[in-house]
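Quick notes on the structure that follows.
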Amino acid sequence: MKINWFSPLPPANSDMTNYTIKLLTFLQEKAEITFWTNQSPWDTKLKTEVAVKEYKIEQISWLELNQGDVNIYHIDNNAELYGDIWQISRRFPGIVILHDEKLQDFFYMLSSSKNEYIEYMKQCYGEEGNKNARLFLNNYHSREFMAKNYPLTPLALENALGVITYNYNNYLTLSAQNRIFVGYMPSLTNFINTDNNINSNPLSDADALINFASQVCQYRCQSSLDRIVNRIVPELTYLNPKIETLNNFENLVDAIEFITLSVNSNS
């Protein structure tokens, strides 16, 4: 499996950098990992351990991203470190690992203008979001109030294929929405909270990440196949009313060839 990995790299002052390095060795035993970064500076010693590609968000190679099986995007409540990662996740679906279940501050700091922030709030919460965004901008609401009542987390997942969280309440909330694959990995906190007395098992966490990514990839492939079938069957029935399913063919390729030959013979 080829994984494109988007997260801060050393020497960025982020708990994610420690998590990434600890997990890297075990992930590489199970998958081909490529780190993507637009960070400056970053520790170039990493190149001796893993493939690292630098990018500018306006010039990123979508062709290269397509060559991977899945993208993994880490999102935390720091717009400077994670803002571009979120922007890419919107354009190229993948798995989001949420390191904070309340992203109000993230989107507020990411907004280039008051109007953009208001639009984010409207997108998530409709007219209620519009109203309370304006109240907040006029100092009627505190940042704590906004984070509690309008976390804006759905924006971080708007184009995601799956999400992993280590907050159980967040896991229950996301699972209840039944929209995307949701993974719960409480052991991720063992990497991030250095005062945690529970022994972490990076090998087990690497296994869990790979298994989750595999499930997401399989589902994506099946969904793509289903969409193809749903488009092909009506075409087959139009060409031959006796054909109502793909059971008339040994495989999908034969069905496509039948359509091609029929269209060419009638042209």
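Readers should treat all values here as calculations from the given coordinates under stated rules, not as data from a laboratory. If you're wondering where the values come from, they're calculated on a predicted model, not measured in any experiment. Note that we place each Cβ from the backbone using ideal geometry, even for glycine, and neighbour counts take in every protein chain shown.
Under the combined filter of DSSP loop state and at most 12 neighbouring Cβ atoms within 10 Å, the stretch 60-151 retains these chymotrypsin sites (Phe, Trp or Tyr not before Pro): Tyr140.
A simple spin-label model places the labels of Ser142 and Ser40 4.0 nm from each other, with each point 7 Å out along Cα-to-Cβ. The loop-placed GluC sites (Glu not before Pro) in the stretch 81-133, going by DSSP, include none that has at most 11 neighbouring Cβ atoms within 10 Å of its Cβ.
A simple charge model with +1 on the Cβ of Lys and Arg, -1 on the Cβ of Asp and Glu and nothing else charged puts the dipole of the stretch 104-150 at about 100 debye relative to its Cα centre. Counting neighbouring beta carbons within 10 Å and listing from fewest to most, the residues Met121, Met146, Met185 come out as Met185, Met146, Met121. Farthest towards the positive end of the charge dipole of the stretch 104-150, among the residues Leu137, Gly126, Leu110, is the Cα of Leu137, using unit charges on the Cβ of Lys, Arg, Asp and Glu. Relative intensity of the stretch 97-176 on a log10 scale, I(q)/I(0) at q = 0.15, 0.22, 0.24 Å⁻¹, equals -0.52, -1.03, -1.17, per a Debye sum over C-alpha point scatterers of equal strength in the absence of solvent.
With the largest listed first and rounded to whole Å, the semi-axes of the equivalent ellipsoid of the stretch 42-89 from the Cα gyration tensor are 18, 16, 11. Neighbour counts of C-beta atoms inside 10 Å place Ser89, Ser142 in the sequence Ser142, Ser89, starting with the fewest. Stokes-Einstein D for the stretch 104-150 at 4 °C, 1.567 mPa s, Kirkwood Rh over Cα pairs, in µm²/s? For the chosen part, D equals 127 µm²/s.
A simple count of charges around Pro151, restricted to other residues whose Cβ falls under 13 Å of its Cβ and scoring Lys, Arg +1 and Asp, Glu -1, yields -1.
Assuming 0.36 nm per residue, please report the length gained on full extension of the stretch Lys53 to Ser214 beyond their Cα-Cα distance. Working shown, then result.
Numbers: separation 161, 0.36 × 161 = 57.96 nm, distance 2.31 nm.
Full-extension gain reported as 55.6 nm.
Classify the stretch 56-197 from the C-alpha gyration tensor, please: rounded if a/c falls under 1.5, else prolate or oblate depending on whether a/b exceeds b/c.
Numbers: a/c = 1.70, a/b = 1.23, b/c = 1.38.
Oblate, because a/c is 1.5 or more while a/b does not exceed b/c.
For the stretch 104-150, relative contact order (Cα pairs under 8 Å, six or more residues apart, normalised by length) works out to 36 percent.
All C-alpha to C-alpha distances of the stretch 1-100, sorted into 5 Å bins beginning at zero, yield P(r) values of 2, 12, 27, 28, 21, 9, 0 percent in whole numbers.
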